[in-house]
Amino acid sequence: MKVKIDKHKLTSEELIVYNKPKKVYIPLISGNDTNITILVNKGEYVYKGSIIGKRKGDFRIPIHASVSGTVLDFEERTCYNGEKVKCVVIENDFKEKIEQKLSIKKTINQYTKEEFLNLLKENGIVGMGGAGFPTYVKYETKNINTLIINAVECEPYITADYSIAKTKCEEILETIDAILEINKINEAIIAIKKENLELKQIFDNFIGTYLKIKVKLVPNIYPMGWEKALVKQVTGKDYDNYPSDIGVVVNNISTIYAIYEALKYNKPLIERIITFSGESLEKPSNVLVKIGTPVHEILDELKIKPNSIIVAGGPMMGNKVEDLVVSANLNCVLALNDDLNMATPCLECGKCVSVCPVKLSPVLIMKTKYKKEKDIKKFKVLHPEQCIGCGLCSYICPAKLFVRERVKEAKNIIRGDK
């Protein structure tokens, strides 16, 4: 069953820069990992780009200060996933001091593979489309044949990737070409929705002698931005665990631009473009914002209506939040009217089953009760751990039930995060 989803895309193409937070709250989280070593103390002065924390475990990726100033404290704030996360609070001195002068690399395709991986790691480059997975890990894989750049942006409202693709097209193509050369990858494919013919034309105008880079239009079907669906659409191939199983790497297009800044200027990931939209905003806009900025400051600038609901992420996969701060993988903030319809009892209509892209039975997962440890067997046979969180089950539900949230709870039980 295919579902038509309203677009609600921004009509204004203006990019606003918000660079004046009095304090930033840098989330000590990488992906979903909060096991972070803190490397600064209260009262310590930090420079913009200073390493203030580092992820433990297998992926020792750093977290950087987005402003220069003094470390005031360590406080919990809400992050993109709706959870409270410890943050490093830095008072902004507005001097934008950096510890070392940024060097500019004239040609970014002359790094060795080892230098390339180290630059991505040291600059904290992670996936900016939602998952926040360390980018360097993807390129450690041997025998990569195809690089897919995900510029699909299939959720309603969100145009952050579209904005950066349109304004930084030349830099993005330069970066893709460098990635191909450094990693000895055969080809790159930029995936764009069929309706975005203007963006395709922009890339076609600049693609010139980049013979290994192609633009491919993909169907405007949700969730086409889901990695597995996109790889299947572009290559015709399936995989069991990771795209690397079939020689493919997938990067979000905003991640590609972050790689450009790392290769060109040795610049860490300390800012990003976020779509601020929704019917409760007077001035919906794409905003370039520093990591750690309190979201309420930007919403006030864009004139938010009182008593609005705030959602981190798009309407399909996002989370209702309060006290939100910007993280590297936050691509959208929605301000919606507080007039959600009250839920009614489940009709057992099966619509959630018919739209699930991974063929689960959300209604059965939702209705399964968990009281004791032994009850986990009931969930295991329904495989909620395979849920990709696309939100189609909640979107299609005529009873207005939060089906996705119930499936997410079951997924956490299976993973032991209950």
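The values are calculated or read from the model by the stated rules, or taken from the named source; none is laboratory data. Everything quoted here is computed from the prediction, not taken from an experiment. Here the Cβ is made from the backbone with ideal geometry for all residues, glycine too, and neighbour counts use every protein chain on show.
In segment 346-370, what count of residues is obtained for those that are surrounded by fewer than 13 Cβ atoms within 10 Å (Cβ to Cβ) and under 22 Å from Met224 (Cα atoms)?
2
On the given criteria, is Lys374 out of contact with any Pro (no Cβ under 9 Å at 6 or more places or on another chain), at pLDDT below 85 and farther than 21 Å from Gly313 by Cα?
Values: out of contact with any Pro (no Cβ under 9 Å at 6 or more places or on another chain): yes; at pLDDT below 85: yes; farther than 21 Å from Gly313 by Cα: yes.
Judged against the criteria, Lys374 is a match.
Within the set of pairs 6+ apart or on separate chains, which have a first residue in segment 200-223 that is more than 30 Å from Leu392 (Cβ to Cβ) and in the same structural domain as Ile185 (by TED's automatic domain parsing), a second that is part of a loop (DSSP other than H, G, I, E, B) and modelled with pLDDT of 95 or more, and C-beta atoms under 9 Å apart?
Lys212/Ile185; Lys212/Asn186
So that you can scan it fast, the table gives a plain yes or no per residue for (1) of a type outside the set (A, V, I, L, M); (2) assigned by TED's automatic domain parsing to the domain that holds Leu72; (3) over 20 Å from the mean Cα position of the chain (by Cα):
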| position | (1), (2), (3) |
| --- | --- |
| Leu299 | no, yes, no |
| Leu302 | no, yes, yes |
| Ser308 | yes, yes, yes |
| Pro315 | yes, yes, no |
| Gly318 | yes, yes, no |
| Ser327 | yes, yes, no |
| Cys332 | yes, yes, no |
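Could you tell me whether segment 101-113 includes any residue that is at pLDDT 95 or above and within 20 Å of the chain's Cα centre (by Cα)?
Checked segment 101-113: no residue is at pLDDT 95 or above and within 20 Å of the chain's Cα centre (by Cα).
For segment 130-156, which positions are under 17 Å from Glu261 (Cα atoms) and surrounded by fewer than 24 Cβ atoms within 10 Å (Cβ to Cβ)?
Pro134, Tyr136
Would you pick out the residues in segment 38-73 that are part of a strand (DSSP E or B) and within 24 Å of Pro134 (Cα to Cα)?
Taking segment 38-73 and keeping what is part of a strand (DSSP E or B), we get 38, 45-46, 51-55, 62-64, 69-73.
Hits for segment 38-73 are Ile38, Val46, Ile51, Ile52, Gly53, Lys54, Arg55, Pro62, Ile63, His64.
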